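Let me begin by presenting the structure, written as structure tokens, before commenting on it.
The values are calculated or read from the model by the stated rules, or taken from the named source; none is laboratory data. Remember, predicted model here, so these are calculated numbers, not experimental data. For neighbour counting, all protein chains shown are included, and Cβ atoms are generated from backbone atoms with ideal geometry for every residue, glycine included.
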Amino acid sequence: MAQPARLAPRAHLFTRASCLLSKPRPRASRQLELSSSLQQNNARRHISAYGYTQSKALVYSKYGEPQDVLQLHGHSISPPSGTQVVLRFLTCPINPADVNQIQGVYPSKPEMNTMLGTSEAAAVAGNEGVAEVISTGSGVKSVQKGDWVIMKSTGMGTWCTHKAVDESQLLKIDDKEGLTPLQVGTVSVNPCTAYRMLLDFGKWNFRGDEWFIQNGANSGVGRAAIQLGREWNFKSINVIRGRDDKAEEDKLKNELYDLGATHVITEEELMGKEIRDKIKEWTRGGREQIKVGLNCVGGKPGTAMAKYLSSEASMITYGAMSKKPLELPASLLIFKNLNFTGFWVSKWSDKHSDQKKQTVDDILRMTRQGKFKDIPVQECKWDRDTSVDTLRSAVQGTLGGFRAGKGVFVFGET
Ligand SMILES: NC(=O)c1ccc[n+]([C@@H]2O[C@H](COP(=O)([O-])OP(=O)(O)OC[C@H]3O[C@@H](n4cnc5c(N)ncnc54)[C@H](OP(=O)(O)O)[C@@H]3O)[C@@H](O)[C@H]2O)c1
């Protein structure tokens, strides 16, 4: 994906934060009409002669289904001062947690306020993405115009065309050469989660005779884990949900083999009778240990997976896509002394910002070397005139399952 072209300045339109587009107030709608006519005259301009930047953000002021609560809000960003930086977003993924957050069922709740000029207190949705620095305040030291940055932590509201933030909230991508906005915009949640879970919870010797097992193996996290496993010499058993169309299922399995999976099986196969002997054979009668289990599904497939872990192994739960609880037989705790634990990348990044930078840098190094492949995506192009309905429906489908790829906002002419 080519790096988007720089945009030229345009005559200033809004002097103040404007409107919730779906419920325009009279003054705001006049501004909007003026905005549209000028946009037609010069579609590539977004910064005024006075340095104001026009932004649009997907906001919500109450919890609910994305299609019911997301609004597209236009507002104006003043020229940055002090340590402030103005960003133009390039790519933002739509992750399951983003939707859970909008639904109000996610533990971290974003602060809702009227700072962007919304009529009701609102939060900007989205937690991840890559942006380009378009202007900086006079006190900014860590980044400059043209740099690519990602957010230091989650909860900052990334689904917007432009944003003003303090430089302290940003992680600069030191070397963007050879990287695409998709790769950088999706690095900090899924690949970091896979990286930390594999590395921090397994007692590895890296000799090539160790295993991990995971469900949701075709998810963003799962694909990252497979590729990291290949890099670190871990063999993997990867569980996916079967497809009604067997050709489709084989295609998916082959995609994961191409990434470096050692074995790919369906949930049905995992819960069947024959798998026990197969896993015994694959692990040379258990002499090669399955040291880590990564669980983002729960329910029966989660329980079945736990039974194949070796003694003293760790099973890390990081998601609950089946929405079913994980039931564990007492024997796994008593006789195998398994360690059942959880991981949350948001908490981890807040606590370990230095380690986050190292992790991101290492994954991007592998990406540059071609060792980390792009995830399959369903792109939603976000231009200045993209309708709120288009954006909402890209978000709404996220939790549907059996998707061809992760939803990603790709910003064009904004
Ligand atoms: N704890 C953390 O820090 C952390 C960080 C990142 C992600 N996560 C969690 O990890 C999970 C995967 O996230 P992602 O962004 O990698 O996902 P993703 O790329 O959007 O893919 C979604 C995955 O979930 C599976 N899935 C959907 N509905 C399911 C169901 N009802 N039962 C079983 N599997 C189902 C999909 O399988 P199909 O293709 O078969 O539908 C696919 O593998 C999510 O639960 C997410 O919240 C947690």
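Annotations
- Taking region 140-218 and the strands (runs of 3 or more DSSP E) fully enclosed by it, the elements with 2 or more residues that are more than 20 Å from the chain's Cα centre (by Cα) are at 162-166, 210-214.
- Residue list for region 230-249, restricted to those being part of a helix (DSSP H, G or I) and aliphatic (A, V, I, L, M): Ala247
- Filter result for the condition that a residue is assigned by TED's automatic domain parsing to the domain that holds Leu338, within 15 Å of the ligand (Cβ to nearest atom) and in contact with a strand residue (DSSP E or B) (Cβ under 6 Å, 6 or more places away or on another chain), over Gly242, Gly229: Gly242
- Among residues of region 337-355 that are part of a strand (DSSP E or B), those with a beta-carbon under 6 Å from a residue that is surrounded by 13 or more Cβ atoms within 10 Å (Cβ to Cβ) at least six positions away or on a different chain give the pairs Asn339/Ser314; Phe340/Met315; Thr341/Ile316; Gly342/Thr317.
- Of everything listed in (1) within 20 Å of the chain's Cα centre (by Cα); (2) within 30 Å of Lys145 (Cα to Cα), the single unmet condition for Gln67 is (2).
- Residue match in region 250-271 (condition: outside any helix (DSSP H, G or I), more than 14 Å from the ligand (Cβ to nearest atom), in contact (Cβ under 8 Å) with a residue 12 or more places away in the chain and of a type in the set (Gly, Ala, Ser)): yes
- Selection from region 273-319 of residues that are on the phi < 0 side of the Ramachandran plot, under 28 Å from the mean Cα position of the chain (by Cα) and in a helix (DSSP H, G or I): Lys300, Pro301, Gly302, Thr303, Ala304, Met305, Ala306
- Matching residues in region 311-327 - criterion: being away from the ligand (no atom under 16 Å from the Cβ) and surrounded by 17 or more Cβ atoms within 10 Å (Cβ to Cβ): Ala313
- Screening the candidates Gly293, Gly220, Gly202 for the property of being crowded, with 16+ Cβ neighbours inside 10 Å and under 14 Å from Phe372 (Cβ atoms) yields one hit, Gly220.
- First in region 126-149 and among the hydroxyl-bearing types (Ser, Thr, Tyr), second anywhere and not in a loop (DSSP other than H, G, I, E, B), Cβ under 7 Å, 6 or more apart: Ser135/Val86; Thr136/Val85; Ser142/Glu167; Ser142/Lys172
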